[in-house]
Amino acid sequence: MKSQVKWGIAMIIIGLVISPFGFPFLLIYAVPLILIGGGLIVYKGREEIIEEVVEGGK
């Protein structure tokens with residue numbers, strides 16, 4: 001498993017764990033953690049694709 005996936009899963013879990021404890025106040029921290037974690041998982045392979053295109057153009 002790549003490090004982006006590990007960090008993404010960790011951020012989502014942390015966001016889900018802290019959200020119920022201080023519901024209205026900790027959502028400021030929980031929602032961005034969940035969104036960033038999801039973004040890391042969704043875009044995990046983008047840098048490899050970009051590097052291949054740059055290297056192939058030379």
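Computed extension gain for I13 through L35, at 0.36 nm per residue and net of the alpha carbon distance, reaches 6.8 nm. Note on exposure: S3, S19 ranked by accessible area (1.4 Å probe, complete protein assembly) read S3, S19, with the most exposed listed first.
The values are calculated or read from the model by the stated rules, or taken from the named source; none is laboratory data. Fair warning: this is a prediction, and the values are worked out from it, not measured in the lab. When the accessible area is computed, the model is the full protein with side chains, heavy atoms only, and any ligands, DNA or RNA have been set aside. Shrake-Rupley method; radii C 1.70, N 1.55, O 1.52, S 1.80 Å.
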